[in-house]
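Some notes on the structure that comes next.
The values are calculated or read from the model by the stated rules, or taken from the named source; none is laboratory data. This is a predicted model, so every value here is computed, not measured. Positions of Cβ are backbone-derived with ideal geometry, glycine not excepted, and every protein chain shown enters the neighbour counts. Only protein heavy atoms, including side chains, enter the accessible area calculation; ligands, DNA and RNA are left aside. Shrake-Rupley method; radii C 1.70, N 1.55, O 1.52, S 1.80 Å.
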Amino acid sequence: MMGAAALDLSPGAGVVLDEVEWLVERQEPHLGRGHLVRADGERQRASFRFLANHPRCRPSLHTAAEGANRGRQPASWSDVRPEKRPLMEQRFAHLMEVNCGFRSGDPFRPEPGEPHPEYDPDRTTLTKRRAAKAAELSALRPEEAKLLLGVAHVGVRTLERWERRRRKYGMVGCADHRWLRASGGHPSISEEVREAIFAVRAETQHHRSRVSARTREIMIRRYVRETFENEDGDESAKIEVPSYHTLLRVWKEWFGPGGARQKYERSAELPTKSGHVLVTRPGQVVALDTTILPVMVRENVFGDPVTAHLTLALDVYTHSICAFRLTLVSDSSVDVAMVLRDVMLPLPMREEWGEDMEWPYPGLPAAMVSEFAGYEVAGLPFFTPETVTSDHGSVYRNHHLVDVQEAMGCRILPARVLRPQDKSAVERVFGSIRSLVFEKLPGYTGVDVSDRGADPEGDAVLTMAEMEHFIATWVVKVWQNRRLGEFAPSWDPGRDHSPNTLFAASFAQEGFVLDIPAPETYYRFLPEHHVKRIHRRGVKVKGLWYDAALLHQPDMNSARGGRYKQHWVIHREPRDRRVVYFQDPDTHEWHELRWTGLPPEGEMPAFGDARVEELLTRVREAGLKPRSDSELVPKLLEMLGAVDPVAKWPSQLTKSQRTQHAREITQAQAAAGDRPQQLPKSNQPPRLAALGAPGAEPPWRERAREATESLDAHRRRRRETAKPAQQPSVPAPLGSSRRGRNLFVIADDDDGSDKPGPQPTEET
């Protein structure tokens with residue numbers, strides 16, 4: 001019956017059986033059972049043997065002797081203050097000497113002279129040893145005993161009490177209970193004040209802006225006065241509210257110091273929609289993110305130092321940088337869509353890359369991949385992503401990018417608001433690239449403005465093309481072969497792994513699907529426009545008219561159904577608005593629809609969406625109503641700089657205008673490289689000498705010449721349209737060449753192309 005006695009089955013004692021509390025109503029010792037009653041009045045009989053052997057039966061803390069510690073965790077050695085620990089250890093040493101004769105408690109580690117005769121367990125009893133220890137400690141002066149043991153007098157009863165507590169709690173049982181006294185709480189916090197504190201907490205955390213502790217105190221007192229006290233000012237009905245310091249101490253104990261910002265406090269209360277995603281294979285989750293490139297680069301047109309944006313696509317399982325893209329000023333949904341397209345395409349080899357950067361993965365020969373791709377493939381994984389995760393930036397929430405991801409057949413998993421751990425992998429990669437590469441390049445801008453150097457713009461020497469080539473080389477050659485460290489897989493944590501080795505190991509685990517998308521995927525990744533019918537002028541897309549002979553075939557009717565029933569789908573290239581793309585419903589071939597304002601001979605400089613919006617705004621503000629888009633050409637060419645002298649372009653244009661020109665040219669080059677009829681941009685050799693190569697024409701001169709030639713062709717075409725067909729052509733008016741050059745500039749001696757007539761020889 002030791003178990004029943006330990007359970008304290010006396011009448012009035014409490015027992016918890018299967019997490020239900022029962023009260024012992026009476027005992028029947030002659031039958032070996034007791035009667036239990038529950039709070040709702042239900043009664044039950046149970047034998048002492050059943051209660052003693054039941055695995056889920058324990059005494060209730062409401063009635064047991066240990067109920068004084070209810071709501072409090074057991075004390076441990078670390079709870080004792082450091083200045084009290086030597087006293088506790090001294091008490092423990094004396095108890096060990098009483099028990100076994102050795103202060104350490106171990107006979108194999110005796111101190112000099114141990115065991116002493118009066119504490120030898122082979123010659124004395126426990127009672128005699130306790131009496132000897134009490135006599136030894138009583139011989140000390142009260143000041144010494146208090147300094148040594150924490151008490152002025154130690155008797156046999158004190159030693160017995162220490163021993164009982166030591167057997168129950170260990171060494172911490174030797175500590176004085178006053179050292180570990182339970183906190184008295186805050187008796188001044190009544191139920192009304194407690195309700196007021198929680199009401200103010202909910203108000204200031206979820207609704208109001210951040211306020212000080214003094215303001216919270218005023219709000220608590222106001223809540224108590226308005227909710228619980230009488231309005232007639234009766235003194236007997238007033239509730240006493242503690243002082244400011246008490247409320248501050250209670251607030252910190254209940255809710256913490258409260259150093260978090262309001263938006264983080266509110267976000268912590270947001271419900272979690274889904275649990276943790278376990279990534280087990282390449283391509284399961286691809287993280288997208290964009291950051292400002294921490295290195296100043298020079299744009300490829302005027303050579304001005306500019307800030308670029310770096311967009312990365314990271315495979316979360318292998319930590320492979322599957323694709324990246326550099327953009328001027330800021331990226332758009334088309335740029336991110338092309339990054340996703342690059343994830344699915346093999347990376348072509350470049351002329352400067354050696355054999356060590358070719359396709360290295362065993363199980364899939366490089367010759368087979370090259371045969372399917374049509375070119376030599378570099379050592380970078382490619383696959384169709386299953387899930388794409390990103391933050392809540394406007395470029396990633398764009399409807400166009402969502403449509404692209406749905407067309408790819410992948411799921412969209414946006415990161416939770418204010419939860420950076422959802423895409424921590426790509427954030428860590430940005431930090432690693434910063435410390436491994438960007439910090440060592442000239443023009444590094446630092447982490448923020450405070451860490452920026454004196455003149456990072458002047459230190460910039462790399463162009464956009466050089467930086468793109470440098471990052472691509474570093475990713476394939478260094479990052480893909482770099483040791484992952486703490487990102488090693490769970491199935492082999494002790495081995496060294498790199499992104500390439502993890503991708504190669506996935507061949508044996510999951511296999512590999514050699515699925516290279518068709519080049520026509522480029523058109524499907526462009527924004528869609530639905531046109532109800534084809535007009536005589538063609539189709540109108542974002543303010544401009546586009547036309548081709550294909551649109552005017554007889555019986556051209558759309559057979560599409562659904563939401564856009566009987567509508568035609570036109571795909572727009574936001575980076576180059578000179579053409580749009582139309583898919584033939586019969587042959588499913590893609591065709592270009594030219595802008596009706598383009599001259600039939602020659603090409604006009606490329607322009608994007610931003611330039612078209614500016615053009616239409618100027619025309620609308622000027623009150624012009626053009627009958628055709630060909631009347632918009634002079635205004636557009638004026639914006640492109642055709643009316644300015646070519647020699648004065650860099651000096652007359654402002655920094656923002658030069659950056660806009662450079663962005664349009666860079667976007668047009670990127671669009672041309674992404675089109676399927678050409679090789680991808682990454683296969684083209686880097687333009688390492690675009691600005692400083694001897695004999696090379698600067699890109700801004702080429703753009704200015706294109707604009708001037710387009711304006712001349714447009715004026716010639718209008719003159720030919722206005723005059724009769726039999727009238728001979730009139731030469732260009734005098735002075736029209738001032739548009740192209742400055743008359744006050746003396747030509748160089750070695751340049752005789754602008755001098756009329758025969759050139760002088762050495763004999764003359």
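Observations on the model:
- Candidates are the residues of the range 526-538 that are out of contact with any His (no Cβ under 7 Å at 6 or more places or on another chain) and part of a strand (DSSP E or B); the one that is surrounded by the fewest Cβ atoms within 10 Å (Cβ to Cβ) is HIS535.
- The range 315-372, subset touching a Phe, Trp or Tyr at 6+ places or on another chain (Cβ under 7 Å) and polar (S, T, N, Q), residue nearest to ASP609 (Cα to Cα): SER320
- Residue in the range 485-498 that is of a type in the set (D, E, K, R), closer than 23 Å to ALA337 by Cα and assigned to a loop (DSSP other than H, G, I, E, B) present: no
- Evaluation of LEU148 against (1) over 15 Å from PHE92 (Cα atoms); (2) open to solvent by 30 Å² or more (accessible area, probe 1.4 Å) (one fails), failing number: (1)
- Residue list for the range 82-126, restricted to those being among the hydroxyl-bearing types (Ser, Thr, Tyr) and not in a helix (DSSP H, G or I): SER104, THR124, THR125
- Qualifying residue in the range 66-81 (condition: in a strand (DSSP E or B), open to solvent by less than 80 Å² (accessible area, probe 1.4 Å) and at pLDDT 80 or above): no
Okay, residues lined up against (1) of a type outside the set (D, E, K, R); (2) free of Cβ contacts under 8 Å to residues at least 24 places away in the same chain; (3) outside any strand (DSSP E or B):
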position: ALA287; (1), (2), (3): yes, no, no
position: LEU312; (1), (2), (3): yes, no, no
position: THR318; (1), (2), (3): yes, no, yes
position: MET338; (1), (2), (3): yes, no, yes
position: ARG341; (1), (2), (3): no, no, yes
position: PRO346; (1), (2), (3): yes, no, yes
position: ARG350; (1), (2), (3): no, no, yes
position: ASP356; (1), (2), (3): no, no, yes
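- Scanning the range 153-203 for residues that are in a loop (DSSP other than H, G, I, E, B) and surrounded by 13 or more Cβ atoms within 10 Å (Cβ to Cβ) turns up HIS153, VAL154, GLY155, ALA175, ASP176, TRP179, LEU180, HIS186, SER188, ILE189, SER190.
- Residues in the range 539-567 that are aromatic (Phe, Trp, Tyr) and either touching a His at 6+ places or on another chain (Cβ under 7 Å) or not in a strand (DSSP E or B) (or both): TYR564 only.
- The set of residues in the range 427-454 being surrounded by 13 or more Cβ atoms within 10 Å (Cβ to Cβ), under 17 Å from ALA308 (Cα atoms) and acidic (Asp, Glu) consists of GLU439 alone.
- Against the conditions (1) free of Cβ contacts under 8 Å to residues at least 24 places away in the same chain; (2) open to solvent by 30 Å² or more (accessible area, probe 1.4 Å), LEU126 satisfies every one except (1).
- Pair list, Cβ < 7 Å and 6+ apart or interchain, from the range 538-559 residues that are over 29 Å from LYS635 (Cα atoms) to residues that are aliphatic (A, V, I, L, M) and not in a helix (DSSP H, G or I): MET556/ILE534
- Residue that is modelled with pLDDT of 75 or more, surrounded by 13 or more Cβ atoms within 10 Å (Cβ to Cβ), touching a strand residue (DSSP E or B) at 6+ places or on another chain (Cβ under 6 Å) and not hydrophobic (A, V, I, L, M, F, W, C), where the choices are ARG43, ARG26, ARG49, ARG58: ARG58
- Number of positions in the range 320-330 that are surrounded by fewer than 21 Cβ atoms within 10 Å (Cβ to Cβ) and either among the aliphatic types (A, V, I, L, M) or assigned to a loop (DSSP other than H, G, I, E, B) (or both): 3
- Members of the range 561-597 that are among the charged types (D, E, K, R), closer than 18 Å to ALA337 by Cβ and open to solvent by 20 Å² or more (accessible area, probe 1.4 Å): ARG572
- Which listed residue is part of a loop (DSSP other than H, G, I, E, B) and not charged (D, E, K, R), from THR587, THR501: THR587
- Odd one out for GLU468, checked against (1) modelled with pLDDT under 85; (2) crowded, with 16+ Cβ neighbours inside 10 Å; (3) of a type in the set (D, E, K, R): (1)
- Output for the range 29-40, where each listed residue is aliphatic (A, V, I, L, M) and surrounded by 11 or more Cβ atoms within 10 Å (Cβ to Cβ): LEU36, VAL37
To keep it simple, each residue is scored yes or no on (1) at pLDDT 55 or above; (2) open to solvent by 20 Å² or more (accessible area, probe 1.4 Å); (3) among the charged types (D, E, K, R); (4) within 20 Å of GLU466 (Cβ to Cβ).
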{"residue": "LEU640", "(1), (2), (3), (4)": "yes, no, no, no"}
{"residue": "SER656", "(1), (2), (3), (4)": "yes, yes, no, no"}
{"residue": "PRO685", "(1), (2), (3), (4)": "no, yes, no, yes"}
{"residue": "PRO694", "(1), (2), (3), (4)": "no, yes, no, yes"}
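- Number of the condition not met by GLY431 [criteria: (1) without any contact (Cβ under 8 Å) to a residue 24 or more places away in the chain; (2) over 19 Å from the mean Cα position of the chain (by Cα)]: (2)
- Residues located in the range 516-546, provided they are touching a helix residue (DSSP H, G or I) at 6+ places or on another chain (Cβ under 9 Å) and closer than 30 Å to VAL343 by Cβ: ILE516, PRO517, THR521, TYR522, ARG524, PHE525, LEU526, PRO527, GLU528, HIS530, LYS542
- Residues being within 23 Å of the chain's Cα centre (by Cα) and open to solvent by 50 Å² or more (accessible area, probe 1.4 Å) - total across the range 471-491: 5
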